[in-house]
1. Tell me the accessible surface of Tyr86 in square angstrom (1.4 angstrom probe, heavy atoms of protein chains only), to the nearest ten.
2. Hand me the GluC sites (Glu not before Pro) from the stretch 1-100 located in a DSSP loop with no more than 13 other Cβ atoms within 10 Å, in residue order please.
3. Report in % the part of the accessible area of the stretch 1-55 that belongs to carbon and sulfur, leaving out ligands and nucleic acids; probe 1.4 Å.
4. Over the stretch 2-122, what portion of Cα pair distances is larger than 24 Å, expressed as a whole percent?
5. For Val47, list long-range residues whose amide hydrogen, built 1.01 Å from N in the peptide plane, is under 5 Å from its own amide hydrogen.
6. Rounded to the nearest 10 Å², what accessible area does Ile126 show when all protein chains are kept and the probe is 1.4 Å?
7. In whole angstrom, note down how far apart the Cα centers of the stretch 93-121 and the stretch 37-80 are.
8. Determine the percent antiparallel among the DSSP beta bridges restricted to the stretch 1-128, to the nearest 5.
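The values are calculated or read from the model by the stated rules, or taken from the named source; none is laboratory data. On a predicted model such as this, the values are computed, not experimentally measured, just so you know. Reconstructed Cβ throughout: ideal geometry from the backbone, glycine too, with neighbour counts over all protein chains shown. The accessibility values were calculated without ligands, DNA or RNA, using every heavy atom of the protein model including side chains. Shrake-Rupley method; radii C 1.70, N 1.55, O 1.52, S 1.80 Å.
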Amino acid sequence: MEQNFREKSKQNALKDSSRTITFGELDTISGKIYSFLRSRNIGREDVVLINLPRSLSVVCAMVGVLRSGAAYIVMDAGDPVEKVKYAFNESQSKLLLDADIYTQMMNAEPAAGYEKREPHDLAYVIYTFAFQDKNYGYASAVAICLLVVILLIHLIQTVCFKEKDEVKQA
């Protein structure tokens, strides 16, 4: 990540329907998130629940959380409050990163670098929910370790995406 930030700082890193950000901008934004989390003693093996509207901000938050050493859960800002509360409490998250918190994070001074981690450290958690009579009948969670993320990044680099290539999210 740091190598891309440094060597590709002016190249486009992320694009959505409303904006594009460079690797340098991603470094600055995720550095602000990292700084904010570090100032609140959130780090390795902690969990942050990201609850933002679908946008580049979600990806920036994911990168910032990983830089802090913490793991993340991503839930859509439109999800019912009960569902978000359940995942927050069940995962023992340390922070609910919503639009208000994200705005506060953007006022932080960016921190350089990242926290050292081990391959078995928690990277992210995926929750799935089943409905039962308009209520959540049960939920299951899958915890993903950092090694899986490293392997995925390696796979993406092996595929050799070019700058004009796009990866779409449904």
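1. Around 90 Å² of this residue is reachable by solvent.
2. Details: sites: Glu2, Glu7, Glu25, Glu45, Glu82, Glu90; in loops: Glu45.
Those satisfying the criteria are Glu45.
3. Numbers: 1300 of 3160 Å².
Result for the stretch 1-55: 41 percent of the exposed heavy-atom area is carbon or sulfur.
4. Details: 1756 of 7260 pairs.
The share of Cα pairs beyond 24 Å in the stretch 2-122 comes to 24 percent.
5. Close amide H contacts, sequence-distant or interchain: Ala71, Lys94.
6. Roll a 1.4 Å probe over it and Ile126 shows about 80 Å².
7. Distance between centres, Cα-based: 6 Å.
8. 20 percent
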